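Just below is one structure, and these are the notes that go with it.
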Amino acid sequence: MDEKKSKNKKVIVIVAIVVAVIAVIGVIGFMFVNDFAQRAIIGAEMEKINTSGKIDEDIKSSGKYADVEKALKDYVVEYQGVAVSIAKQYENEKLTNILSADNYKKDGPEFKESKKLIEDVKKQGEEAKTKLAEMVTDEYKDKRADEASLSGKYKDLFKSSIQLEGELTDVNKTIDNVNNYLSKIDDVFNFLKENKSNWEVKNNRVEFKSMSQVTKYNSLITMVNTAASRLK
């Protein structure tokens, strides 16, 4: 009888252990599936941003992953903000019409306002390059992750989800091309300033006193147009 009770106790213990093991496996399985699902949600959100450039402020993930998603979207908002800011400078109407006859009459022959505008826009372009370059560094990503209270796998996910190096290369190339274009325009103004007594605007055209000056001016305008073609 005692032996039978002992066997029953062993069976109960074994069953209890098995149930406990199954429960633990179930919890681990659920955590794995949940992690995978949450990562997939965040991946899908980032893909939508990469495809459309638009950011859905609604947070789709849950738990700590929601913090990761929000931190990523806040990061992208900041990154886009820098890029949009410099893009707006390039769309400045004064910059668009800077080589017009009207601007020559208004701002020539010293072109102080025009040269200042060129200097400011070039400076802002370089500042944007510096800021965006900083944003893709591990140090900056760590800082943003810490600000969002992310650690461990959540911090790793946040950092690994930011892959903007390729885009940064394209942005830098655009800024460099714009700055080169602006430098060529500045060369035109320098020439006109140095020869201010030898030209005037008539009938919306620039007229010079000598053919050599016409040739030099046209050469400078050709370089401006060549630089402009690289912006397309």
Of all the helices (runs of 4 or more DSSP H) wholly in region 64-119, which have at least 3 residues that are open to solvent by less than 70 Å² (accessible area, probe 1.4 Å), out of contact with any Gly (no Cβ under 7 Å at 6 or more places or on another chain) and of a type in the set (Phe, Trp, Tyr)? 64-90
Which pairs do you get when a residue that is without any contact (Cβ under 8 Å) to a residue 12 or more places away in the chain, found in region 204-232, comes within reach of a residue that is open to solvent by 80 Å² or more (accessible area, probe 1.4 Å), reach meaning Cβ atoms under 8 angstrom, with the pair 6+ apart or on two chains? Glu207/Glu200
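The values are calculated or read from the model by the stated rules, or taken from the named source; none is laboratory data. Everything quoted here is computed from the prediction, not taken from an experiment. Glycine also receives a Cβ, built like all others from the backbone with ideal geometry; neighbour counts cover every protein chain displayed. In case anyone asks, the SASA skips ligands and DNA or RNA and just uses the protein heavy atoms, side chains included. Shrake-Rupley method; radii C 1.70, N 1.55, O 1.52, S 1.80 Å.
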